[in-house]
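Reviewing the structure listed below.
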Amino acid sequence: MSYNTFGTMFRVTTWGESHGPAIGCVIDGAPPLMPLSEADIQPFLDRRRPGQSRFTTQRQEPDHVQILSGVFEGQTTGTPIALLIENVDQRSRDYSSIADQFRPGHADLTYIWKYGIRDPRGGGRSSARETAMRVAAGAIARKVLGNSIKIRGALIQLGTQSIDRARFDWNQTEQNAFFCPDAIAAASWAEQLDAVRKAGSSIGAIVEIIAEGVPPGLGAPVYGKLDADLASAMMSINAVKGVELGDGFATAGLRGEQNADEMRMNSNGSVHFLSNHAGGVLGGISTGQPIIVRFAVKPTSSLLTPLRTVDASGTDVEIKTTGRHDPCVGIRAVPVGEAMMACVLADHLLRHRAQCGVRPITPVLPSKD
């Protein structure tokens, strides 16, 4: 098994390499009769597309998506949806000098240990280029979820510099190159990343993804936990090294009464939580509160700074990676994280319907009658 597929009922299989002729995906499980066209997908790809600012790789890929199957006369048919994006701006020669060397912090060496062969051109299958298809799949997942569920992401930390939560403004995420909700922090980050880029180095980041309008009841106990699938989905994104939901690791420093999300009844009979330390998931099942996920993205491994490594012959060497690389891969990870949230929620929504039917899910206690 090669593990290029994720999801249970909303299943996504991606294929292709960074410098191959194209990348693509197949989405199986999307319900029939949903309106769908390339125009529904393209805006999300445009947000992830490289070369849009000096803070990302200058590789110029239009990322124009083509729907090859699963849609007839503007509606999904219930059959597999195949999507294709052609690669048009590969520069494989940039990697010829390191074809027999292993970049520290990259998957070069582990691919050789596992498969006995690797594609050194842009990282091949391990390249973040693959995430374009996740974003395309996420656009279709949003159609499954409908307009009542809103998914948004933001970069909340660049290196050691965090945003000021008092200045958090979702509108700002579309006004700067960082998807940053804090205009003052974004200005500071521009100066910081310019210095990192000019030094031939890279820097890490933290991304926050929030889904609002998610009904309670999605997920299942033990091995089908919503939070477990979300953590797995986010950790599968290139360069992600840590994931947390709600208060996450900070809960280790709380007392029980501080961490507990206390409850009260609303006048309409629904349950109201007084806080959301759990990040919208309890016992692996959604609570109806906003689902909050954060993940840490490590610094890009391809550097102009010389680093010590070994080559395929077992010789100690120094490596310097030329070419076009993101000085902070965390920036373009924001729309990828949104897409993975959408795919997991769509999968769990369909799984819930399969087991519990299509009855409305509301935060009202079951009747005692």
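With distances taken between every two different alpha-carbon atoms, the chain has a Kirkwood hydrodynamic radius of 21.9 Å.
Taking the inverse of the average 1/r across all pairs of different Cα atoms in the stretch 97-236, what Kirkwood radius in Å do you get?
Details: mean 1/r = 0.0543 Å⁻¹.
Roughly 18.4 Å, rounded to one decimal.
Show me 202-215, 127-140, 27-40 ranked by packing, highest mean number of other Cβ atoms within 10 Å first. Display every interim value, and only then the final one.
Working: 202-215: 21.2, 127-140: 25.6, 27-40: 15.6.
Highest to lowest by the protection proxy: 127-140, 202-215, 27-40.
Calculated [222 nm] ellipticity per residue, helices only, for the chain: -7500 deg cm²/dmol; basis is -39500 (n - 2.57) per DSSP H run with n ≥ 4, divided by all residues, nearest 500. Summing Lys and Arg as +1 and Asp and Glu as -1 over all other residues whose Cβ lies under 15 Å from the Cβ of ASP261 gives a net charge of -2. Restricting the calculation to Cα atoms, the stretch 156-244 shows an Rg/Rh of 1.06 when the hydrodynamic-style radius is the Kirkwood one.
Evaluating 6.51 cos²θ - 1.76 cosθ + 1.60 at θ = phi - 60° for every residue in the stretch 300-311, the Karplus couplings come out as 4, 7, 7, 10, 7, 6, x, 10, 7, 7, 10, 10 Hz, glycine and proline recorded as x.
Against the main long axis of the alpha-carbon atoms of the chain, helix 183-198 sits at an angle near 20°.
Charges were assigned to the Cβ only: +1 to each Lys and Arg, -1 to each Asp and Glu. The resulting dipole of the stretch 220-369 about its Cα centre is roughly 220 debye.
Scalar couplings 3J(HN,Hα) for the stretch 70-76, obtained by applying the Karplus form with A = 6.51, B = -1.76, C = 1.60 to θ = phi - 60°, are x, 9, 9, 6, x, 10, 5 Hz; x denotes Gly and Pro.
Normalised by 2.2 N^0.38 Å, where N is the number of residues, the alpha-carbon radius of gyration of the stretch 167-207 equals 1.21.
Within the stretch 223-289, report the trypsin sites (Lys or Arg not before Pro) that DSSP leaves as loop and that have at most 13 other Cβ atoms within 10 Å.
Details: sites: LYS225, LYS241, ARG255, ARG264; in loops: LYS225, ARG255.
Filter output for the stretch 223-289: ARG255.
Taking TRP170, TRP113, TRP189 and ordering them by how much accessible surface each has at a 1.4 Å probe, largest first, produces TRP113, TRP170, TRP189.
A straight Cα-to-Cα reach below 15 Å connects LYS241 with the aspartates and glutamates GLU208, residues fewer than 8 places away in its own chain not being considered. Give LYS298/LYS320; LYS143/LYS298; LYS150/LYS198; LYS114/LYS150 a once-over and call out the pairs whose C-alpha atoms are over 28 Å from each other. Distance filter (> 28 Å) returns LYS143/LYS298; LYS150/LYS198; LYS114/LYS150. Looking at the stretch 212-290, the pairs of alpha carbons with a distance over 19 Å make up 43% of the total.
What ranking do 314-320, 340-346, 104-110 get when scored by the average of other Cβ atoms within 10 Å per residue, highest first? Walk me through the numbers before you get to the answer.
On the way: 314-320: 12.0, 340-346: 28.9, 104-110: 17.1.
My ranking of the peptides, most packed first, is 340-346, 104-110, 314-320.
The angle separating the long axis of helix 333-356 from the principal Cα axis of greatest extent in the chain is about 40 degrees.
The values are calculated or read from the model by the stated rules, or taken from the named source; none is laboratory data. Quantities reported herein were computed from a predicted structural model and do not represent experimental measurements. So basically every Cβ, Gly included, is an ideal-geometry build from the backbone, and we count neighbours across all protein chains shown. Calculation scope for accessible area: heavy atoms of the full protein, side chains included, ligands and nucleic acids excluded. Shrake-Rupley method; radii C 1.70, N 1.55, O 1.52, S 1.80 Å.
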